[in-house]
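Shown next, in structure tokens, is the structure this report addresses.
The values are calculated or read from the model by the stated rules, or taken from the named source; none is laboratory data. The structure displayed is predicted, hence computed values, not measured ones. For neighbour counting, all protein chains shown are included, and Cβ atoms are generated from backbone atoms with ideal geometry for every residue, glycine included.
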Amino acid sequence: MAGKAYPWVLVQSVPWQSGATYTRGLHEGLPLLSYGCAPRHLLATYRQLRAMGLRPNGHDPVAVLYVRHNLSKKVSFASLYLIAKAAPVRPMTPAKWTAIAKANLGRRICPECGHDRGYIVPRWDGRKCCVPCFDTACATEMQEAA
């Protein structure tokens, strides 16, 4: 019977707390914390920061969170950042909004008929075309097969 992959280790200093604390060792040089052990009011993942309207502000992660799924036996890792050092997300500028609108317009135009369909044109069997073009192509293929 094998031992635990990440046993508890007493670490003398961590960036989010003064004094010693227990972690699950080190992962790539950062303290490793298991699910439910990270202080939620001090540390957050990138997605949690985004949900709060924050960004890491160029700071490196201070810890790594690991989650183990019991059924699939997969282990996932997530970087944890200090909430105190995070900065607000930069607002979208008019130039950014224009660039995003142009990129989305290019995805909405059907290469077959050239119309703006108002939705992102899907791929059908490796071919990119809108629904009406796909329907006419299928109808002609059925007529040729008959």
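Worth a mention:
- Pairs meeting the criteria (first residue in the range 84-105 and among the β-branched types (Val, Ile, Thr), second residue part of a helix (DSSP H, G or I), beta carbons under 8 Å, at least 6 apart or on different chains) are 89/50.
- When residue 20 is tested against (1) touching a residue at least 12 places away in the same chain (Cβ under 8 Å); (2) among the aliphatic types (A, V, I, L, M); (3) farther than 21 Å from residue 88 by Cα, exactly one condition is not met: (1).
- Just one of the listed residues (38, 44, 20, 5) is of a type outside the set (S, T, N, Q) and modelled with pLDDT of 95 or more, and it is 44.
- Residue, nearest to residue 14 (Cα to Cα), within the range 67-100, restricted to residues that are exposed (fewer than 12 other Cβ atoms within 10 Å of the Cβ) and polar (S, T, N, Q): 76
- Any chance residue 24 is in contact with a strand residue (DSSP E or B) (Cβ under 7 Å, 6 or more places away or on another chain), surrounded by 15 or more Cβ atoms within 10 Å (Cβ to Cβ) and of a type in the set (D, E, K, R): yes
- Among the residues of the range 28-49, those identified as over 24 Å from residue 8 (Cβ atoms) and surrounded by 13 or more Cβ atoms within 10 Å (Cβ to Cβ) are 46, 48, 49.
- For the range 104-142, a tally of residues being part of a helix (DSSP H, G or I), over 26 Å from residue 55 (Cβ atoms) and either in the same structural domain as residue 46 (by TED's automatic domain parsing) or not charged (D, E, K, R) (or both) returns 12.
- Residue match in the range 101-114 (condition: touching an Asp or Glu at 6+ places or on another chain (Cβ under 7 Å), among the hydrophobic types (A, V, I, L, M, F, W, C) and either at pLDDT below 85 or surrounded by 13 or more Cβ atoms within 10 Å (Cβ to Cβ) (or both)): yes
- Answer from 64, 9 - the residue that is surrounded by 11 or more Cβ atoms within 10 Å (Cβ to Cβ), at negative phi, without any contact (Cβ under 8 Å) to a residue 24 or more places away in the chain and not hydroxyl-bearing (Ser, Thr, Tyr): 9
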